Amino acid sequence: MNDHAAIDSTELADFRRGVIDWIKNNTPADPGFLLPQTFMEVGSEQVLEFLREWQHKVWSSGFLGMAWPKQYGGGGMPRIFQQIADEEMKRARVPICFNVIGLGWAGPLIIDTGTDFEKETYLKGILTGEDIWCQGFSEPNHGSDLGSIQTRAERDGDEYIINGSKIWTTMGNYAKYMILLARTDSQAERRYNGLSFFLSPMNAAGITTSPIQKLTGDYGFTETFFTDARIPARCLMGEEGHGWRIAMQTLQYERGAEAGAAGGVSILSTVMNDLLRIAKDVERDGQPIMQDPVTRDNLVKFLIEEQALYLAENRVKIPALCADYPNSLALSTKLRGTEFFRRMRQYSLTLQGASSALYVGDEDAVEGGFWQRAYMNNFSTTIGGGTSQIQANIIGEHVLGLPKD
């Protein structure tokens, strides 16, 4: 059932009220420790268990995976219901659903292209939070250049032997599974043809992780090492040598160009209403900063840009409004969104003046240092899934038709 027009508006309104009521009665109290703003900051067992319990509660109440197939733990409902639930959870700023790589990338990929065995094996655990997923694409010496991957996977009977390393593996130290891109043919004429895609267990002997501390002081990333690690051959997704195509489809989910995510809040968002709230309380030279015409002009520009982002989400659903460049909005979603929030959060620090130097833990920090932490965390979103520069290249080549050179 995908025809949203066939759903009675009264039914949707009743559902929204039910979500709002559930949030009021079920949002957990402040746990007394700092919660992540994004899924890339889960750095302790204490935080992990809090978020795992919360995600399980959201799922068991029916507000996560609502559009995923019912036989694999989902709700089997039209996606509009998940969209409503997500809207209200974001508005209420509930804790994040932390298993984002599973919920947003691996899960949709398995639903769209996986075998019945893969769906039966992996999907429900993603939703419940029992099975954490990580991503093994980027490597220390190659960054966003996935075509240059050097991690090797050599077939040995019913197993593959993996050697190499991956970097920026979010929650790699907690993950049960990894979506892994590795080279199975070093002699392939085109470097992309020698890559294969695996749904790899993380508990295999020879797989180790090393935590990486971020600028914020938080953990969440790891480097992952493979030393003669053996994984079952059944972990290969699709055919050997076809990994590049599968990886590119996965990146479409990560970059927001494909639907299918299970839902939930993945990032504690900041919107212009939040920025306006702190702007009203800021004074400069004894006068409210909102009286400054330049400040007002800058804030209005941000408001216009934010509204354009929201309208683009609706426009992309109407083919007639995207006829000139059909993929332009979908392929530019990540670049436009992450860069807007980076600039908006940076401007929030500009408004704070000298107070912008204060951080979490300083009693005089504006809103407890939330904006400073949010600004520094935003850099991970402008890098993950391909840097902003890579995104600009994608738009230039695949939307505008510009040459690579």
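The values are calculated or read from the model by the stated rules, or taken from the named source; none is laboratory data. Treat the numbers as computed from the prediction; the structure is a model and nothing was measured. Quick reminder, even Gly has a Cβ in these numbers, built from the backbone with ideal geometry, and neighbours come from all protein chains shown.
General remarks:
- The set of residues in the stretch 50-84 that are part of a helix (DSSP H, G or I), within 24 Å of GLY114 (Cβ to Cβ) and of a type in the set (Phe, Trp, Tyr) comprises TRP59, TYR72, PHE81.
- When the residues of the stretch 89-99 are filtered to those that are more than 17 Å from SER60 (Cα to Cα) and touching a residue at least 40 places away in the same chain (Cβ under 8 Å), the one that is surrounded by the most Cβ atoms within 10 Å (Cβ to Cβ) is LYS90.
- Subset of the stretch 119-151 that is under 23 Å from PHE98 (Cα atoms) and surrounded by fewer than 16 Cβ atoms within 10 Å (Cβ to Cβ) - its residue that is farthest from the chain's Cα centre (by Cα): GLU120
- Of the residues making up the stretch 251-288, those that are touching a residue at least 40 places away in the same chain (Cβ under 8 Å), in contact with a helix residue (DSSP H, G or I) (Cβ under 7 Å, 6 or more places away or on another chain) and under 22 Å from ARG373 (Cβ atoms) are GLY264, VAL265, SER266, SER269, THR270, MET272, LEU275, ILE278, ALA279, VAL282.
- Close contacts from the stretch 130-154, counting a first residue that is free of Cβ contacts under 8 Å to residues at least 24 places away in the same chain and a second that is surrounded by fewer than 17 Cβ atoms within 10 Å (Cβ to Cβ), with Cβ to Cβ under 6 Å and a gap of 6+ residues or different chains, come to HIS142/SER148.
- Yes/no for TYR72 being hydroxyl-bearing (Ser, Thr, Tyr), modelled with pLDDT of 95 or more, under 30 Å from ASP228 (Cα atoms) and surrounded by 14 or more Cβ atoms within 10 Å (Cβ to Cβ): no
- Exactly one residue out of ALA365, ALA357, ALA308, ALA312 is more than 23 Å from GLU41 (Cβ to Cβ), free of Cβ contacts under 8 Å to residues at least 12 places away in the same chain and not polar (S, T, N, Q), and it is ALA308.
- Residue list for the stretch 105-151, restricted to those being out of contact with any Phe, Trp or Tyr (no Cβ under 8 Å at 6 or more places or on another chain) and either of a type in the set (Lys, Arg) or assigned to a helix (DSSP H, G or I) (or both): ASP112, THR113, ASP116, PHE117, GLU118, THR121, GLY125, SER148
- Options ASP297, ASP364: the member that is exposed (fewer than 12 other Cβ atoms within 10 Å of the Cβ), modelled with pLDDT of 90 or more and in a helix (DSSP H, G or I): ASP297
- Residue match in the stretch 324-335 (condition: closer than 25 Å to PHE221 by Cβ, part of a helix (DSSP H, G or I) and of a type in the set (Lys, Arg)): yes
- Of all the listed residues (LEU103, LEU34, LEU51), the sole one being touching an Asp or Glu at 6+ places or on another chain (Cβ under 9 Å) and among the aliphatic types (A, V, I, L, M) is LEU34.
- Scanning the stretch 152-172 for residues that are out of contact with any helix residue (DSSP H, G or I) (no Cβ under 6 Å at 6 or more places or on another chain), assigned to a loop (DSSP other than H, G, I, E, B) and either surrounded by fewer than 21 Cβ atoms within 10 Å (Cβ to Cβ) or in the same structural domain as LEU103 (by TED's automatic domain parsing) (or both) yields GLY157, ILE167.
- Scanning the stretch 303-338 for residues that are surrounded by 17 or more Cβ atoms within 10 Å (Cβ to Cβ) and either of a type in the set (Phe, Trp, Tyr) or out of contact with any His (no Cβ under 7 Å at 6 or more places or on another chain) (or both) returns GLU306, ALA312, VAL316, LEU329, ALA330, SER332, THR333, LYS334, LEU335, ARG336, GLY337, THR338.
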